[in-house]
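**Q** Before we start, here is the structure in question, set down as structure tokens.
The values are calculated or read from the model by the stated rules, or taken from the named source; none is laboratory data. Only a predicted model underlies this, so the values are computations on that prediction, with no experimental measurement involved. Positions of Cβ are backbone-derived with ideal geometry, glycine not excepted, and every protein chain shown enters the neighbour counts.
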2 protein chains.
Amino acid sequence: MAIDTPALVIDLDMMDRNLRTMAAFADLHQVKLRPHAKMHKSAELAKLQMAAGAVGVCVQKTSEAEALVAGGVHNIFISNQVIAPVKLARVAAMTRQLAPLGGKLAICVDSIEGVRRLAQCMHKGQIASSNASTIDVFIELNVGQNRCGVEPGRPAVVLALEIRKHPALNFAGLQAYHGKAQHMRSAADRRDAIVSVIEAVSQTRQLIENEGITVGLITGAGTGTAPLEAASKLYGELQAGSYLFMDADYAANEPATGQPLFKHALFVKTQVISVHAGHAVCDAGHKSHAIDSGMPKVHAFSSRSVLEYTNGGDEHGILKPAAGSSRLPSLGSMLWLIPGHCDPTVNLHNEMIGVRGGLLKGVVERIITVDARGALT
Amino acid sequence: MAIDTPALVIDLDMMDRNLRTMAAFADLHQVKLRPHAKMHKSAELAKLQMAAGAVGVCVQKTSEAEALVAGGVHNIFISNQVIAPVKLARVAAMTRQLAPLGGKLAICVDSIEGVRRLAQCMHKGQIASSNASTIDVFIELNVGQNRCGVEPGRPAVVLALEIRKHPALNFAGLQAYHGKAQHMRSAADRRDAIVSVIEAVSQTRQLIENEGITVGLITGAGTGTAPLEAASKLYGELQAGSYLFMDADYAANEPATGQPLFKHALFVKTQVISVHAGHAVCDAGHKSHAIDSGMPKVHAFSSRSVLEYTNGGDEHGILKPAAGSSRLPSLGSMLWLIPGHCDPTVNLHNEMIGVRGGLLKGVVERIITVDARGALT
């Protein structure tokens with residue numbers, strides 16, 4: 001493959017397999033899939049996921065939603081807090097843009113002020129355009145991440161009552177995502193965490209329904225805990241995203257019962273540029289892959305070629321033979337790294353190179369644009 | 001300032017001050033300045049540095065050099081190993097492009113194979129174009145970084161002799177950069193490290209000159225150790241780059257005697273999107289700033305507003321009042337983060353917003369493009 005390095009490469013066969021595995025899993029549990037597109041930031045991949053059965057995608061940022069809408073994705077949930085009026089005006093504009101296309105936008109709230117600002121921007125947009133579009137609004141619950149989200153119970157009821165006051169806002173349900181639980185290594189720890197989540201969310205739903213307000217949907221879950229939420233009979237929608245590429249961090253989790261088996265499909269291709277007595281140096285550093293979830297793993301095509309990657313700075317990686325092996329790669333030889341965390345790795349690249357037929361002997365089938373790369377606002 | 005968040009903001013007054021401080025420092029020591037443009041990846045800023053006296057800039061990647069050449073920067077040193085023939089052909093093409101413009105390209109080598117590949121590509125290019133351009137070649141020495149570079153002493157002599165065999169290669173000197181020393185907190189540790197470097201480089205220069213080969217220039221140094229190399233009478237050129245923006249990591253170094261005082265000039269503007277009993281959440285996570293050198297610091301405009309930033313994932317930051325303070329920022333309020341490491345932070349953004357007259361009351365003077373963002377090859 002004539003791919004210059006470093007480059008982000010997708011093994012399309014593995015990606016397709018992951019896509020099918022997740023579709024079958026969602027079918028089995030009769031749960032909807034709304035994968036998180038913050039991971040791949042690509043309209044092409046979002047549409048591929050929807051063609052495989054996903055109802056839409058999630059994003060974290062208004063500008064990510066805009067990039068995907070521009071790429072033809074019409075069902076998007078901004079699973080995050082948006083507070084700036086300048087952004088909420090853009091959110092409102094998207095609802096008006098999507099309505100005649102049969103599309104739909106949803107968003108999270110976790111404060112009265114957030115609800116009011118959203119309602120005001122939706123209202124202003126309606127007056128300006130005489131277009132009575134609405135937006136689905138989910139209350140984000142803090143279920144253990146301790147980041148955004150109101151506490152389960154009464155605070156959520158107060159918010160639901162507030163949402164109902166505004167005609168442009170459609171109270172759609174609860175967002176209950178436990179980010180930290182995704183990366184708990186032990187299957188038992190993940191189960192314990194999600195058992196608590198399910199209890200808190202169930203009670204909150206009951207409290208809100210006691211007010212005569214229907215809770216349409218509970219949405220959440222990531223690749224690490226999806227089997228638990230899927231089996232809960234509470235969650236109607238899974239937001240897992242990383243399953244498509246499967247990074248080194250998720251692969252390090254102890255598998256749980258019923259956990260679908262995903263394969264690594266995303267790699268940073270890199271080249272050895274310097275060789276020394278005890279180490280070699282490759283041309284991929286942390287400007288090529290994110291290191292927030294640890295260093296990348298060197299993909300081992302055989303047990304004779306096990307190398308360990310350590311940080312060599314922005315533009316370099318240091319390679320040493322793993323224990324039991326003494327072979328260093330030669331100057332100019334190619335390696336494939338499995339990123340520790342796919343989301344921020346993809347965000348470093350403008351494109352992903354899709355290869356069919358394996359990393360070593362395959363051919364480039366297509367170039368997939370990272371449409372929302374750097375879409376931060 | 002109507003800057004949506006998160007955004008990368010330059011305090012232009014502070015940047016200009018840093019520019020003048022470094023120019024005066026280089027003048028004082030009668031040493032040339034060739035700042036590392038891997039830090040800002042911007043042709044506009046490279047030209048600003050050259051207008052302030054820099055002889056040219058360094059880059060780490062062939063594609064960075066191409067982006068800067070396209071932006072009108074004509075004196076570039078690729079201070080790294082380039083091994084792929086496909087890249088070396090592009091390097092050779094740039095030398096032919098720059099020659100009639102009075103420009104110049106330089107590059108590093110650390111292996112016989114690397115020298116031969118470079119010579120071959122330069123030679124092929126000359127035959128194809130009948131244009132006898134040459135390239136300056138520096139031998140990279142391993143002076144403690146243990147990454148690329150030949151060992152000081154005899155291995156460097158062997159390489160110098162090899163370089164001299166190839167008419168298109170002009171042996172220009174030694175690259176001796178100790179990256180790890182830049183971030184040693186203690187001034188004494190940095191001094192000890194650079195004293196050893198100077199001794200090894202001096203001896204190597206002598207060995208090469210014993211072969212009748214002139215060592216034209218010793219180049220190296222970063223913002224952390226520049227006073228030591230500048231005073232060495234050995235280094236003719238400093239490669240410091242971070243001085244322009246001054247990140248949190250460099251600011252944590254104990255200042256040494258003669259160390260110029262640089263000011264923070266680069267910030268990630270961020271907004272509070274969620275407020276809770278003990279913490280607030282802002283909209284800048286590690287897709288907005290690099291965390292390889294630690295978390296960003298929250299810029300404190302007064303001693304009453306000291307906040308601590310902890311990692312909230314790709315898109316969020318968690319803010320808590322630092323000890324002795326109990327004030328949390330309100331929903332929608334703006335904060336400015338000082339990145340831990342400016343180089344990979346800039347690489348996450350498409351542009352830098354230059355503000356004149358201070359962060360709070362200033363006006364946007366210009367938008368500076370990150371020309372080489374994502375230029376990895």
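**Q** Can we say A:GLY212 is within 22 Å of A:LEU169 (Cα to Cα) and either among the β-branched types (Val, Ile, Thr) or surrounded by 16 or more Cβ atoms within 10 Å (Cβ to Cβ) (or both)? First the steps, then the outcome.
**A** Working: within 22 Å of A:LEU169 (Cα to Cα): yes; either among the β-branched types (Val, Ile, Thr) or surrounded by 16 or more Cβ atoms within 10 Å (Cβ to Cβ) (or both): no.
In short, no.
**Q** In addition: How many of the residues in the stretch A:27-41 are crowded, with 23+ Cβ neighbours inside 10 Å and away from chain B (no Cβ under 14 Å)?
**A** Total meeting the criteria: 3.
**Q** Is there a residue in the stretch A:78-85 that is away from every other protein chain (no Cβ under 14 Å) and either modelled with pLDDT of 95 or more or buried (at least 24 other Cβ atoms within 10 Å of the Cβ) (or both)? Working first, answer last.
**A** Filtering the stretch A:78-85 for residues away from every other protein chain (no Cβ under 14 Å) gives none.
No, there is no match, as no residue in the stretch A:78-85 is away from every other protein chain (no Cβ under 14 Å) and either modelled with pLDDT of 95 or more or buried (at least 24 other Cβ atoms within 10 Å of the Cβ) (or both).
**Q** Quick check on my filter: what residues within the stretch A:243-263 are of a type in the set (S, T, N, Q) and out of contact with any Pro (no Cβ under 9 Å at 6 or more places or on another chain)? Break it down stepwise before answering.
**A** Step one: filter the stretch A:243-263 for residues of a type in the set (S, T, N, Q), giving A:253, A:257, A:259.
Matches in the stretch A:243-263: A:ASN253 only.
**Q** I've got another one for you. Out of the residues in the stretch A:353-377 meeting the condition of being touching a residue at least 60 places away in the same chain (Cβ under 8 Å) and more than 17 Å from A:ASP11 (Cα to Cα), tell me which one is farthest from the other protein chains (Cβ to nearest Cβ).
**A** A:ASP371
**Q** If B:ALA221 meets every condition in (1) in contact with a Lys or Arg (Cβ under 8 Å, 6 or more places away or on another chain); (2) hydrophobic (A, V, I, L, M, F, W, C); (3) surrounded by 21 or more Cβ atoms within 10 Å (Cβ to Cβ) apart from one, which number is that one?
**A** (1)
**Q** Taking the criterion of being under 19 Å from A:ASP4 (Cα atoms), within 14 Å of chain A (Cβ to nearest Cβ) and touching a His at 6+ places or on another chain (Cβ under 8 Å), would at least one residue in the stretch B:107-117 satisfy it?
**A** For the stretch B:107-117, residues under 19 Å from A:ASP4 (Cα atoms), within 14 Å of chain A (Cβ to nearest Cβ) and touching a His at 6+ places or on another chain (Cβ under 8 Å): absent.
**Q** Among helices (runs of 4 or more DSSP H) lying entirely in the stretch B:183-257, which contain 2 or more residues that are in the same structural domain as B:VAL31 (by TED's automatic domain parsing)?
**A** Working: elements: B:187-209, B:226-230, B:248-251.
Ranges flagged: B:187-209, B:226-230.
**Q** Being more than 24 Å from the chain's Cα centre (by Cα) and within 13 Å of chain B (Cβ to nearest Cβ) narrows it down to one of A:PRO155, A:PRO100, A:PRO167, so name that one.
**A** On the way: A:PRO100 fails: within 13 Å of chain B (Cβ to nearest Cβ); A:PRO167 fails: within 13 Å of chain B (Cβ to nearest Cβ).
After applying the criteria, what remains is A:PRO155.
**Q** Where in the stretch A:1-100 are the strands (runs of 3 or more DSSP E), entirely inside, with at least 1 residues that are touching a residue at least 60 places away in the same chain (Cβ under 8 Å) and outside the structural domain of A:GLY125 (by TED's automatic domain parsing)? Break it down stepwise before answering.
**A** Working: elements: A:7-11, A:57-59, A:75-81.
Those strands (runs of 3 or more DSSP E) span A:7-11.
**Q** Hey, can you tell me all the residues within the stretch A:101-111 that are β-branched (Val, Ile, Thr) and either touching a residue at least 60 places away in the same chain (Cβ under 8 Å) or under 19 Å from B:THR270 (Cα atoms) (or both)?
**A** Going through the stretch A:101-111, the residues β-branched (Val, Ile, Thr) turn out to be A:107, A:109.
Correct list: A:VAL109 only.
**Q** Still on this model: If you go through the stretch B:156-175, how many residues are assigned to a helix (DSSP H, G or I) and buried (at least 18 other Cβ atoms within 10 Å of the Cβ)? Full working, then the answer.
**A** Residues of the stretch B:156-175 assigned to a helix (DSSP H, G or I): B:156-163.
Remaining after also requiring buried (at least 18 other Cβ atoms within 10 Å of the Cβ): B:156-157, B:159-160, B:162-163.
Final tally of qualifying residues: 6.
**Q** Pick from A:ALA128, A:ALA106: which is out of contact with any helix residue (DSSP H, G or I) (no Cβ under 8 Å at 6 or more places or on another chain) and in a helix (DSSP H, G or I)? First the steps, then the outcome.
**A** Working: A:ALA106 fails: in a helix (DSSP H, G or I).
Only one candidate passes the filter, namely A:ALA128.
**Q** Another one. Exactly one condition in (1) in contact (Cβ under 8 Å) with a residue 24 or more places away in the chain; (2) closer than 18 Å to B:GLY374 by Cα; (3) within 10 Å of chain B (Cβ to nearest Cβ) is not met by A:ASN350; state its number.
**A** (1)
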